[in-house]
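First up is the structure itself, then whatever we jot down about it.
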Amino acid sequence: MSYRTFKRLLGETSLERKCRFLFGGGLLILIVGSFAFYGHRTANLLYEQHEITGEMLTQTIMTYEHPVWVKQKEAKESESDKEAESNEQPGPDDETELDQALPSDAIHKVKVPEFSTDLTWAVRSPDVQDTERPKDFKGHQAMTYLLQNKDAANVHRSDANSAYKFYGAVRATTACIACHQHADKQEGDLLGMVEITFPAHQTEKKLAENDAILLATAIATAFLAMVAAYAIVRYVIVKPVLHLKDVSDQIARGMLDLRADIRTGDEFEELSHAFNRMLRHLVAVQEELRHVNGSLDAKVDELAQVNMRLFEMNNLKNDFLTTMSHELRTPLNSILGFSDVLTGSANINEKQKRYLHNIQSAGKDLLAMINDILDLAKIESGKMELHLADFPIDETIERLVGMLSPLAEKKNISLNYEVDPRLPVLRQDPGKLQQIIYNLLSNAIKFTPEGGRVRIAVTATDNDQLELTVDDTGVGIPLEDQETIFEKFRQGNTAPGANNALTREFAGTGLGLSIVKELSKLLGGEVSLLSELGKGSTFTVTVPTHLADQPDQLDESRAQQAIDLSKLRRVDYGLLEIAGKEAGSPPEGS
């Protein structure tokens, strides 16, 4: 039987079949082994009984034959005396050994009725010259063994001719030596050997009958054991397990009211109680989960409605910011236009010029904030477009540093830049990249105290990436604020209440870094921060040197917004023309 067959027979079958094979096979082996051992032991006992019988018969035969040998010896001596007297020849010596007085061939094979009608015996002599030496090979072997081993009393052999032979030793004792006066014999020496033959046909018949009875008993016992094993496995072991399986299957189909009912008074009943407890617990947990799921569904619905309202409010907020920004830009452009016109007028004094300069400065700051809000709204709505062009980055850096140098000089800040001369010509959106650099530099100057340092470095990486690094010696950003510093309307918490727009230490809307992050993503790059509070910050922007062309996909809403923006710009230009005409003539009453 192969391993696969054995595994399929025992490892991949039902529990009932496994129990039958294992329990039945083990029981069958035990029964066969027990009866085989019993039969073998019975045969050995029979052989041992023959040996005991042979030992008893050896003594009995010697006792029976000893008077016969004496009479024969006396008769032989008297005949010898007569022959000696007539022939005047010396007769046999009176000290003839016992083996010389042993019976002749006509005597040693006589049956002994007193013992058994089928039993035969013969007395064998150890003398080589004697005619009563053993005549078969096994007899010679037995005689040799008895001669070599003085402690051996007998040898028991089984012949092939349906007979058992027993060889008993006749050894010299003190009485034998004193009576027969053997000069060359000592106590314990072998005088002779009794060969007893037991017929085996009756014994073999009894053994065959005994084996048949044993075999029939074994078969009956094995059959009854198999039936008992089947009943035990079927009704004691498998039936409770099948009941639990059926209950489990019904419960799996949704019948949660079923319970296991096993009343065997053993571990299976305890298992059914544990199964029922587990089932009740599972039902209770399921009911609780159903209740929680119902509450969760209600919460999810409520959260979905809140999210919808938040989404709508966020859209309203974006629309409001966009609309208000555009609405604010219109009068703001008018204010800036009128201030420019009034600044060039000849009939204003220095005080009025100073007022006009303040108006222009505040208006430009407000316009920058409005532009930031508009740019962020366009980025979030996905309406920001890329305008790719080939340009050298060093010229852009030099122009921006020159633009921001006056602001740095006011705070006595050292503003430096380093550009890698190996940089290739970029294929990027120059306007978006310039806005990123401008926001980072302006933030660095704004948050760096007087006498500090701001530096921008531009290098190229091995994977065709442009790396912009802006580092300063400013106030730094706390570690807990570095995760949220790129969010909208957020600034670093350099002082208590800094996140409150009304109590911020530094002016600004908090949109600069948010715009930098969104524009970096738009250009296919990313921005990172490394800062320590009180020591400064380092912002690193990585963008590809060559950005693939992206076709403009202008949907209806974006086209409509472009039309609205163009209309607003045309209105701005019209207002500027009207303002210029009015500014050209002196006001009334001047």
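What's the total number of residues in the stretch 514-549 that are touching a residue at least 24 places away in the same chain (Cβ under 8 Å), surrounded by fewer than 17 Cβ atoms within 10 Å (Cβ to Cβ) and on the phi > 0 side of the Ramachandran plot? The qualifying residues number 1. Can you find a residue in the stretch 175-195 that is closer than 20 Å to Leu45 by Cα, assigned by TED's automatic domain parsing to the domain that holds Gln141, loosely packed, with under 11 Cβ neighbours inside 10 Å and more than 60 Å from the chain's Cα centre (by Cα)? No: the stretch 175-195 contains no residue that is closer than 20 Å to Leu45 by Cα, assigned by TED's automatic domain parsing to the domain that holds Gln141, loosely packed, with under 11 Cβ neighbours inside 10 Å and more than 60 Å from the chain's Cα centre (by Cα). Taking the criterion of being free of Cβ contacts under 8 Å to residues at least 12 places away in the same chain and of a type in the set (Ser, Thr, Tyr), the residues of the stretch 336-370 that qualify are Tyr355, Ser361.
Could you pull out the residue among Glu267, Glu302, Glu312 that is modelled with pLDDT under 85 and surrounded by fewer than 13 Cβ atoms within 10 Å (Cβ to Cβ)? Answer to the check: Glu267. For the stretch 428-437, the criterion of being touching a residue at least 12 places away in the same chain (Cβ under 8 Å), under 26 Å from Lys535 (Cα atoms) and touching a strand residue (DSSP E or B) at 6+ places or on another chain (Cβ under 8 Å) is satisfied by at least one residue.
Looking at this structure, is Pro90 loosely packed, with under 13 Cβ neighbours inside 10 Å and modelled with pLDDT of 60 or more?
Values: loosely packed, with under 13 Cβ neighbours inside 10 Å: yes; modelled with pLDDT of 60 or more: no.
Spelling it out, it is not the case that Pro90 is loosely packed, with under 13 Cβ neighbours inside 10 Å and modelled with pLDDT of 60 or more.
Give the stretch 384-397 a look and list any residue that's more than 23 Å from Lys521 (Cβ to Cβ) and either in a helix (DSSP H, G or I) or in contact with a helix residue (DSSP H, G or I) (Cβ under 9 Å, 6 or more places away or on another chain) (or both), or say none. Reasoning before the result, please.
Kept after step one, since they are more than 23 Å from Lys521 (Cβ to Cβ), are these residues of the stretch 384-397: 392, 394-395.
Matches in the stretch 384-397: Asp394, Glu395.
The condition (being among the β-branched types (Val, Ile, Thr) and at pLDDT below 75) is satisfied by just one residue among Thr60, Thr13, Thr53, Thr42: Thr13. Taking every residue in the stretch 454-470 that is under 26 Å from Pro406 (Cα atoms) and pairing it with any residue that is among the charged types (D, E, K, R), at least 6 positions away or on another chain, the pairs with Cβ-Cβ distances below 6 Å are Val454/Asp472; Arg455/Asp471; Ala457/Glu418; Thr459/Asp420; Thr459/Glu467. Restricting to the stretch 371-383, what's the tally of residues that are touching a residue at least 24 places away in the same chain (Cβ under 8 Å) and either in the same structural domain as Asn443 (by TED's automatic domain parsing) or not in a helix (DSSP H, G or I) (or both)? The number of residues fulfilling the criteria is 2.
Just to be sure before I move on: is Glu209 over 30 Å from Glu287 (Cβ atoms) and modelled with pLDDT of 80 or more in the structure I sent?
yes
The values are calculated or read from the model by the stated rules, or taken from the named source; none is laboratory data. Everything quoted here is computed from the prediction, not taken from an experiment. Cβ coordinates were reconstructed from backbone atoms using ideal geometry, including for glycine residues, and neighbour counts include every protein chain displayed.
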